Amino acid sequence: MKVLTVFTSKGGSGKSTLAIHMAVLASQQKRGNRVLMLDYDVQESSTFWTRTRKAENPPVLPANAGSLVGYLDQAEEEGIDLVVVDMPPHSAIHADLVLSRSDLVLVPVRPGALDLWALETTVKAINENHARGIFVLNQVPARGTEADETEEVLAQMAPQIPVAKSRMGYRKPFSSALTAGLAITEFASPREKAAQEATALFKEIKRNLK
Ligand SMILES: Nc1ncnc2c1ncn2[C@@H]1O[C@H](COP(=O)(O)OP(=O)(O)OP(=O)(O)O)[C@@H](O)[C@H]1O
Ligand SMILES: [Mg+2]
């Protein structure tokens, strides 16, 4: 079983959006992947999304510090292939519990909303738990150099954490899809840029999880 955790101390950077997309795409792999999503956020964005969703996959369970480890153990026993954990913003209580069990920690970063303090806290937590991280630029503006500048800052701040080649643009259909209880690939044509970006990111994350 692999554990993919979506984590950053910075609020609103796209944790829930990316966690949902990685979980949906993983659950739709040809060779029936068994995927579970754990929503560790008190705001329960992912749990809210699943209530609107008609499909049963991927199942989303609200989790807290008390239940999380038990869910991970149970998922392992039941032969789940991938658990995706959607973390809360700010200093998650007991984040260590999750980070130390994660095979990969996906850190969404919004160019232009660079909050160095939040990033440093995030990187510190990843390093202290000997976890492997990957930054993903999300909500990238269509124009300008902000994303490239952000990538340079990240490379200087945390050279051991790579930046994903796949960037996620700022695209309204991402939020429209989630509001409809769907992922972008279920909501828009595969030719839609947003769907292509989500698929490319999933492939890259899958390679990094191996
Ligand atoms: N690539 C994107 N393009 C457009 N809108 C996006 C994108 N990613 C996220 N959003 C929107 O930005 C807002 C914040 O995203 P999301 O809820 O995924 O962030 P979060 O990190 O989980 O937030 P929180 O810290 O509150 O848990 C949402 O309204 C979401 O629809
Ligand atoms: Mg969230």
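Just so it is clear, none of the values below were taken in a lab; they were calculated from the coordinates. Bear in mind the structure is a predicted one, so any value in this text is a computation, not a measurement. Every residue, glycine among them, receives a Cβ derived from its backbone with ideal geometry; neighbour counts consider all protein chains shown.
Before moving on, here are some points about what is shown:
- With the biggest extent put first, the Cα atoms of the range 35-160 measure 44, 34, 24 Å across the principal axes.
- Per-residue Karplus couplings for the range 200-208, computed as 6.51 cos²θ - 1.76 cosθ + 1.60 with θ equal to phi - 60°, are listed in order as 5, 5, 4, 4, 5, 5, 4, 4, 6 Hz, Gly and Pro entered as x.
- For the range 4-61, the residue among Ser13, Leu38, Val24 whose Cα projects farthest onto the positive side of the dipole built from Cβ charges is Val24.
- Loop-located GluC sites (Glu not before Pro) across the range 35-103 with a Cβ neighbour count of 16 or fewer within 10 Å are Glu56, Glu78, with loop assigned by DSSP.
- Separation in nanometres of the label points that stand 7 Å from Cα toward Cβ, at Glu128 and Asp103: 2.6 nm
- With R₀ fixed at 30 Å, the C-beta to C-beta distance from Glu149 to Lys172 puts the FRET efficiency at about 0.80.
- Distance from the range 125-181 to the range 1-72 (C-alpha centre basis), Å: 18 Å
- Three-way shape call for the chain based on the alpha-carbon gyration tensor, with the a/c threshold at 1.5: oblate
- Sites listed here are trypsin sites (Lys or Arg not before Pro) in the range 107-151 whose DSSP assignment is loop and whose Cβ has at most 11 other Cβ atoms within 10 Å: Arg143.
- In summary, the lysines within cross-link reach of Lys10, defined as a Cα separation below 26 angstrom excluding same-chain residues under 8 places away, comprise Lys2, Lys124, Lys165, Lys172, Lys193, Lys203, Lys206.
- Basic side chains Lys and Arg get +1 at the Cβ, acidic Asp and Glu get -1 at the Cβ, and with that the dipole of the chain about its Cα centre reaches some 800 debye.
- Annotation: the range 70-124 has a Kirkwood hydrodynamic radius of 13.1 angstrom, from the mean reciprocal C-alpha pair distance.
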